[in-house]
Amino acid sequence: MQRTFDVQAVREQFPALGREYKGRGVVYFDGPGGSQVAKQAIDAVSGYMERGGANLHGVFPTSTETEEILAQTRLAAADFLGGAPEEVAFGANMTTLTFAISRALAHEWDENSEIVVTELDHRANVDPWLIAASERGATVRWVRVDPETLTLDREDLERNINEHTKLVAVGLASNAVGTVNDVAAIAEKAHGAGAIVAVDAVHAAPHIPIDRDWLGADVITCSAYKFFGPHVGVTAIKRDLFERMSVYRLDPAPDHIPEKLETGTQNHEGIAGVKGALDFIASLGEGASQREKHISAMQTIEEYEADLAAKFRAALGDLPNVKLYAAPEGVHKTPTIAFRVEGRTNEEVCIHMLEHGFFIAAGDFYASTLAEKLGISDGGGFVRAGLAPYNTMEEVERFIEALEGFVKGR
Ligand SMILES: Cc1ncc(COP(=O)(O)O)c(C=O)c1O
């Protein structure tokens with residue numbers, strides 16, 4: 001069923017789209033680095049601060065309201081990811097949360113333990129685990145990415161998981177090239193070996209519906225600044241694991257889930273904004289429950305973006321001297337498009353596109369092992385055009401036209 005998606009109505013929800021650069025409207029193609037923020041999220045942040053904030057545990061209204069906001073946001077995040085509110089914890093960002101979780105899980109590792117990371121992942125879902133493994137003397141196994149297909153090598157994955165595996169850390173989608181990994185199949189294999197599965201959903205969260213239990217993620221972590229909200233990290237950890245997890249709890253934190261993972265006073269206004277962002281997403285969907293609305297909204301976003309991305313990739317593939325980095329047709333991908341222009345630096349491409357009003361970035365985006373494997377680390381990695389639900393087909397067409405002018409020297 002083709003769902004309806006009113007992109008103009010969505011655009012009206014993003015005040016930053018009104019911005020101009022050198023007299024023309026800005027086109028934001030840098031969503032994978034951080035999306036623009038929905039009005040509902042902005043209003044929730046400023047509303048919290050305007051009404052009066054407070055710390056927790058007071059008898060007065062600003063304190064009880066703050067507690068209520070935290071509870072409501074946990075519920076909304078649980079509805080977004082699939083899980084229960086008491087399994088949801090907040091933190092500064094995904095990296096900081098993953099670092100804390102890695103320290104906790106590593107308590108159960110020793111020299112006979114092994115962990116598995118991948119060559120496709122963002123380093124935020126690699127390095128915390130590498131440090132923890134090194135401190136416990138555990139062995140690290142890397143799953144190979146196929147440089148031709150930009151997908152994980154399933155046979156290598158199977159070979160790397162065994163009865164010593166304690167953890168498999170895998171991204172749901174690549175923030176560099178958009179490949180969506182078959183996390184459910186990977187988790188099944190990992191669970192068969194008794195390992196914990198930690199899923200980085202930072203890049204996937206704004207693009208595809210997420211169901212933590214369907215994916216088989218014991219830990220799933222994302223960041224609201226990628227899904228139209230403020231800079232707050234969100235993790236959902238399966239209750240039994242979370243309860244037995246021996247976190248580095250610092251005394252102001254209680255000793256129960258989920259707060260035991262949350263060090264110090266939380267970013268209350270930011271957490272209010274996360275709820276605003278999630279309410280905005282839910283408003284794009286249909287259903288009897290918030291969970292149904294989230295799933296339906298993300299399906300609608302995915303369909304809309306997939307159409308734009310397919311045309312974008314096809315048009316880029318037709319341009320001379322443009323090398324597109326994308327998994328083959330048939331492989332599930334987010335609308336995140338990586339390319340290079342032969343004979344030109346990535347910076348030249350970004351500057352040219354900026355003159356046409358496009359905000360796009362270049363680099364390895366911390367998918368540095370992938371960039372190394374593709375031999376483009378020294379050349380500055382990829383140019384990345386990342387689409388969001390507020391982008392339009394007209395913007396995609398204008399981008400292609402401007403890039404065509406650049407590659408043909410017009
Ligand atoms: C796939 C992926 N994982 C992890 C991160 C790190 O997230 P955070 O900035 O919330 O620490 C990013 C940020 O770009 C990302 O794209």
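Report yes if N181 is over 23 Å from the mean Cα position of the chain (by Cα) and in the same structural domain as V219 (by TED's automatic domain parsing), otherwise no. So N181 does not fit the description; no.
Of all residues in region 1-40, those being more than 16 Å from the ligand (Cβ to nearest atom) and of a type in the set (S, T, Y) number 2. Scanning region 315-346 for residues that are open to solvent by 60 Å² or more (accessible area, probe 1.4 Å) and in a helix (DSSP H, G or I) returns a single hit, D318.
On inspection, W129 qualifies as open to solvent by less than 10 Å² (accessible area, probe 1.4 Å), more than 24 Å from H294 (Cβ to Cβ) and not assigned by TED's automatic domain parsing to the domain that holds G381. Taken as a whole, the condition of being assigned to a strand (DSSP E or B), within 16 Å of the ligand (Cβ to nearest atom) and open to solvent by less than 10 Å² (accessible area, probe 1.4 Å) does not apply to I271.
Of all residues in region 194-207, those satisfying the criterion of being within 13 Å of the ligand (Cβ to nearest atom) and either assigned to a loop (DSSP other than H, G, I, E, B) or of a type in the set (A, V, I, L, M, F, W, C) (or both) are A198, V199, A201, V202, H203, A204, A205, P206, H207. Of all residues in region 313-325, those that are out of contact with any Leu (no Cβ under 7 Å at 6 or more places or on another chain) and either in contact (Cβ under 8 Å) with a residue 40 or more places away in the chain or among the basic types (K, R) (or both) total 4. Evaluated against (1) surrounded by 24 or more Cβ atoms within 10 Å (Cβ to Cβ); (2) under 30 Å from E50 (Cβ atoms), F242 falls short on exactly one condition, (2). Within the bounds of region 55-74, is there any residue that is within 21 Å of the chain's Cα centre (by Cα) and either in the same structural domain as L278 (by TED's automatic domain parsing) or not β-branched (V, I, T) (or both)? Yes, region 55-74 contains a residue that is within 21 Å of the chain's Cα centre (by Cα) and either in the same structural domain as L278 (by TED's automatic domain parsing) or not β-branched (V, I, T) (or both).
Residues in region 184-206 that are over 22 Å from T96 (Cβ atoms) and open to solvent by less than 10 Å² (accessible area, probe 1.4 Å): I186, A187, A190, A195. Of all the residues in region 57-74, those that are free of Cβ contacts under 8 Å to residues at least 60 places away in the same chain and open to solvent by 10 Å² or more (accessible area, probe 1.4 Å) number 11. Based on this model, can you work out whether G53 counts as within 28 Å of G178 (Cα to Cα), in contact (Cβ under 8 Å) with a residue 12 or more places away in the chain and surrounded by fewer than 21 Cβ atoms within 10 Å (Cβ to Cβ)? No. Whether a residue is part of a helix (DSSP H, G or I), open to solvent by less than 60 Å² (accessible area, probe 1.4 Å) and not assigned by TED's automatic domain parsing to the domain that holds F29 was assessed, and G276 passes this test. Residues in region 217-239 that are surrounded by fewer than 21 Cβ atoms within 10 Å (Cβ to Cβ) and within 16 Å of the ligand (Cβ to nearest atom): H231 alone. Here the condition is being touching a residue at least 12 places away in the same chain (Cβ under 8 Å), open to solvent by 10 Å² or more (accessible area, probe 1.4 Å) and acidic (D, E); of E404, E372, it holds for E404 alone. Of Y366, Y390, all but one fail to be open to solvent by 10 Å² or more (accessible area, probe 1.4 Å) and of a type in the set (S, T, Y); the exception is Y366.
If only residues of region 351-363 that are away from the ligand (no atom under 16 Å from the Cβ) and assigned to a loop (DSSP other than H, G, I, E, B) are counted, the one that is surrounded by the fewest Cβ atoms within 10 Å (Cβ to Cβ) is H356. Against the criterion of being crowded, with 20+ Cβ neighbours inside 10 Å, closer than 16 Å to I257 by Cβ and under 17 Å from the mean Cα position of the chain (by Cα), L81 qualifies.
I'd like to check which helices (runs of 4 or more DSSP H) are fully inside region 73-165 and have at least 1 residues that are within 14 Å of the ligand (Cβ to nearest atom). Reasoning before the result, please.
Values: elements: 94-105, 127-136, 154-160.
Fully inside region 73-165 and qualifying: 94-105, 127-136.
Cβ-Cβ contacts under 7 Å between residues 6 or more apart (or on different chains), taken from a first residue in region 249-268 that is free of Cβ contacts under 8 Å to residues at least 60 places away in the same chain to a second residue that is part of a helix (DSSP H, G or I) and surrounded by 11 or more Cβ atoms within 10 Å (Cβ to Cβ), are listed as R249/K260; A253/E259; A253/K260; P254/K260.
The values are calculated or read from the model by the stated rules, or taken from the named source; none is laboratory data. Everything quoted here is computed from the prediction, not taken from an experiment. Using ideal geometry, Cβ is built from the backbone for each residue, glycine included, and neighbour counts are taken over all protein chains shown. Just so you know, the surface numbers come from the protein's heavy atoms only, side chains and all, with ligands and any DNA or RNA stripped out. Shrake-Rupley method; radii C 1.70, N 1.55, O 1.52, S 1.80 Å.
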